[in-house]
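Below: the structure, in structure tokens.
The values are calculated or read from the model by the stated rules, or taken from the named source; none is laboratory data. Because the structure is predicted, anything quoted here is derived from the model rather than measured. A quick note on method: Cβ atoms are made from the backbone with ideal geometry, for glycine too, and the neighbour counts reach across all protein chains shown.
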Amino acid sequence: MKVGIIGGGAVGSACLFSLIMRGCAREIVLVNRDRERGQGVVTDMQYGAVLSPAVELLAGEYSDLAGSSLVMITAGINEKTGGATDRNDSAGRLRLLDDNAEIYREIVPQVHSVAPEAVVLVVTDPPDPLADVVRMLGHERVLSTGTSLDSLRFRFHLARRLKVNPAYVDAQVLGEHGLSSVFLWSSARVAGRPVLQSMIEPGKTGEDVRREIEREVRYANITIIEGIGASQYGIGMVSARIAEMVLRDERAVVPIGSRNPKYGVTLSMPSVVGRQGVVEVLEPEMSREEQQALERSAETLRQAVARVKTAPPQRKTA
């Protein structure tokens with residue numbers, strides 16, 4: 001199976017590294033605007049890849065993506081460069097949308113021309129509206145990494161409070177990969193027991209704990225950027241796992257972003273993921289509060305996409 005990666009920056013490199021370590025692809029092509037950097041990343045990793053399952057690495061051009069089953073797009077302006085690291089900014093990652101939509105207008109037609117049947121996985125922030133941009137540009141098979149990573153962060157912080165392994169915590173975040181994301185507390189469980197019942201701490205209410213965890217998850221990216229300059233490794237691992245689901249036609253069920261006709265936009269819901277991308281969306285039971293929050297999240301995304309549709313092109317990026 002062949003996988004393409006567009007963008008050899010921090011996130012693209014982390015995706016490449018994670019793909020190599022998981023051993024789910026037989027061939028990986030990295031396309032980077034700065035060809036010298038792309039070649040450097042591939043050259044560095046190809047030596048260590050000798051220790052992993054056999055894989056051929058290539059720093060290539062768009063034409064080399066022909067025959068790819070999945071293409072990850074990681075290129076674009078990141079949160080630090082784009083000024084999306086203010087916890088008090090209500091726009092959050094959506095601040096990056098206009099600039100990154102312009103970059104996608106240059107990238108997507110080139111991908112589509114050589115790999116029209118590939119599943120495109122949008123990794124660039126903000127991934128949900130950018131997935132809709134990919135569709136506007138004529139490529140139908142598209143996923144957003146969506147709230148896959150948010151859900152893992154949610155599980156991690158719950159598990160740390162409960163002092164259990166995160167693998168045994170069942171919890172999901174839906175909607176936007178951003179500030180309007182929806183935490184499904186009503187169905188969050190460990191051993192079938194509601195998590196809030198297990199996390200009450202002396203001097204704190206369940207609502208106190210809930211707010212603390214939601215804040216840790218919503219702003220995890222900023223905390224990471226403040227430490228190392230880019231949020232890269234977690235999303236790299238998540239992207240490689242999604243690629244594995246697609247390449248192996250796993251029919252795994254995870255929160256992931258896809259176009260949802262009910263909400264009229266790309267957002268994350270628990271979905272069956274296989275060779276063609278999202279095979280089926282499994283909308284979970286939600287409390288009334290959670291359903292209303294999901295509708296607000298969808299409206300936030302619809303407004304963002306509408307802005308992109310009506311904005312004239314401003315610049316081109318090769």
Considering each of ARG248, ARG211, ARG259 in turn, give the residue that is basic (Lys, Arg) and closer than 24 Å to VAL133 by Cα. ARG259
Give the residues of segment 237-252 that are assigned to a loop (DSSP other than H, G, I, E, B) and of a type outside the set (Lys, Arg), sorted by residue number. ASP249, GLU250
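For the subset of segment 155-188 comprising residues that are assigned to a loop (DSSP other than H, G, I, E, B) and either touching a His at 6+ places or on another chain (Cβ under 6 Å) or not hydrophobic (A, V, I, L, M, F, W, C) (or both), which member is farthest from THR145 (Cα to Cα)? Reasoning before the result, please.
Step one: list which residues in segment 155-188 are assigned to a loop (DSSP other than H, G, I, E, B), which gives 163-165, 171-172, 176-181, 184, 188.
Then drop every residue that is not either touching a His at 6+ places or on another chain (Cβ under 6 Å) or not hydrophobic (A, V, I, L, M, F, W, C) (or both), which leaves 163, 165, 172, 176-178, 180-181.
Numbers: LYS163: 28, ASN165: 24, GLN172: 14, GLU176: 10, HIS177: 8, GLY178: 12, SER180: 16, SER181: 13 Å.
Here the answer is LYS163.
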Quick check, is THR145 hydroxyl-bearing (Ser, Thr, Tyr) and touching a residue at least 60 places away in the same chain (Cβ under 8 Å)? yes
Only residues that are more than 18 Å from ALA91 (Cα to Cα), part of a helix (DSSP H, G or I) and touching a residue at least 24 places away in the same chain (Cβ under 8 Å): list them for segment 218-233, please. GLU226, TYR233
Within segment 273-290, how many residues turn out to be exposed (fewer than 13 other Cβ atoms within 10 Å of the Cβ) and not acidic (Asp, Glu)? 4
Tally time: how many residues in segment 132-154 are more than 14 Å from the chain's Cα centre (by Cα) and not in a loop (DSSP other than H, G, I, E, B)? 5
VAL111 vs. criteria among the hydrophobic types (A, V, I, L, M, F, W, C) and either buried (at least 24 other Cβ atoms within 10 Å of the Cβ) or touching a Cys at 6+ places or on another chain (Cβ under 7 Å) (or both): no
Assess whether GLY83 counts as being modelled with pLDDT under 95, of a type in the set (Gly, Ala, Ser) and at positive phi. yes
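Kindly provide the set of residues from segment 253-283 that are assigned to a loop (DSSP other than H, G, I, E, B) and within 28 Å of GLU27 (Cβ to Cβ), ordered by number.
Residues satisfying the conditions are ARG275, GLN276.
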